[in-house]
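Enquirer: This is the structure I want to talk about, given as structure tokens.
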């Protein structure tokens, strides 16, 4: 039986943020998406978790149906402040996180600042030391990406050309794209994210977050795509040494978009970790 789904808005720090919600259990997981995405991408994980959980998929500032902030307000610190205000607005005491790319940086920043409120921290292809060639390629892709489409089929044809989705199944490709788009008053479909926000976010993605790594006290799961060009080996080795309690699972047949490239393996690893089971270390 699938979990009950709803959505809502909360006003935090002068911004109206949108979120998806699944379930009604006493334990809480917050899913934080990557650049240009939205809270709907956590649907599969939400349905896989036990009924002990309530799952929130937050649309971060400038993404999904959340409002954008002015330019110059897209460092990880701004996103993490939004997250703290969101958690307080909902009256949540302790939470677990699953964060992908941008979301992994935001979850890390929050977890370092609020150590007593974090139960578990799952980081999908943590990206604060993203190589410049990778971020430059992402920025170029956003600059050249068409903003609107005549219909869903036209959008799907384009979406299938995106390198970060080349491993997606047809089913996941379609379901993700449905969450990516909204209809304009003129009937055309447009992306549910602000392109300028994505470009600025990527341009300031690289920063020193090693103090935050060392400050985290919660158990950490590092998920890395076996073919990722973002979480490089040198960073990964250091993360495993400097986190207080970390384990690694490498997801086969996956690049940076782990959650979409290999959703079965990703969801299984996340479910075991978030529900409190121990995982065998793999590398």
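Enquirer: Return only the number of the condition from (1) surrounded by 12 or more Cβ atoms within 10 Å (Cβ to Cβ); (2) at pLDDT 95 or above; (3) more than 20 Å from the chain's Cα centre (by Cα) that residue 160 does not satisfy.
Expert: (2)
Enquirer: Where in the stretch 151-219 are there helices (runs of 4 or more DSSP H), lying wholly inside it, with at least 1 residues that are farther than 30 Å from residue 113 by Cβ?
Expert: Ranges flagged: 152-159, 170-180.
Enquirer: Right, here's the next one. Give 73, 60 a once-over and let me know the one that is part of a loop (DSSP other than H, G, I, E, B) and either buried (at least 24 other Cβ atoms within 10 Å of the Cβ) or at pLDDT below 95 (or both).
Expert: Answer to the check: 60.
Enquirer: A further question follows. For the stretch 79-92, does any single residue satisfy the condition of being assigned to a helix (DSSP H, G or I), crowded, with 24+ Cβ neighbours inside 10 Å and touching a helix residue (DSSP H, G or I) at 6+ places or on another chain (Cβ under 9 Å)?
Expert: yes
Enquirer: Separate question: Suppose we filter 119, 93 for residues that are without any contact (Cβ under 8 Å) to a residue 60 or more places away in the chain and over 17 Å from the mean Cα position of the chain (by Cα); which single one remains?
Expert: 93
Enquirer: Next up: Determine the pairs where a residue that is within 13 Å of residue 198 (Cα to Cα), located within the stretch 134-157, has a partner that is part of a loop (DSSP other than H, G, I, E, B) with Cβ atoms under 8 Å apart, the partner being 6 or more residues away or on another chain.
Expert: Qualifying pairs under 8 Å: 135/205; 135/206; 138/35; 141/162; 142/36.
Enquirer: To continue, here is another question. Give 181, 189 a once-over and let me know the one that is under 24 Å from residue 45 (Cβ atoms) and either at pLDDT 95 or above or out of contact with any helix residue (DSSP H, G or I) (no Cβ under 8 Å at 6 or more places or on another chain) (or both).
Expert: Only one candidate qualifies: 181.
Enquirer: Taking the options 237, 203, 169, name whichever one is in contact with a helix residue (DSSP H, G or I) (Cβ under 9 Å, 6 or more places away or on another chain) and under 22 Å from residue 266 (Cβ atoms).
Expert: 169
Enquirer: Step by step: first the residues of the stretch 1-26, then only those that are at pLDDT 95 or above, touching a helix residue (DSSP H, G or I) at 6+ places or on another chain (Cβ under 8 Å) and over 20 Å from residue 37 (Cβ atoms), then the one that is surrounded by the most Cβ atoms within 10 Å (Cβ to Cβ). Which residue is that?
Expert: Once the filter is applied, the top-ranked residue is 23.
Enquirer: Take residue 34 and tell me if it is outside any loop (DSSP other than H, G, I, E, B), crowded, with 22+ Cβ neighbours inside 10 Å and in contact with a strand residue (DSSP E or B) (Cβ under 7 Å, 6 or more places away or on another chain).
Expert: No.
Enquirer: Does the stretch 96-105 contain any residue that is assigned to a helix (DSSP H, G or I), touching a strand residue (DSSP E or B) at 6+ places or on another chain (Cβ under 7 Å) and touching a residue at least 60 places away in the same chain (Cβ under 8 Å)?
Expert: yes
Enquirer: Being crowded, with 16+ Cβ neighbours inside 10 Å and free of Cβ contacts under 8 Å to residues at least 60 places away in the same chain narrows it down to one of 189, 223, so name that one.
Expert: 189
The values are calculated or read from the model by the stated rules, or taken from the named source; none is laboratory data. Remember, it's a predicted structure, so these values are computed and weren't measured experimentally. Neighbour counts are summed over all protein chains in view; Cβ atoms, including those assigned to glycine, are modelled from backbone coordinates with ideal geometry.
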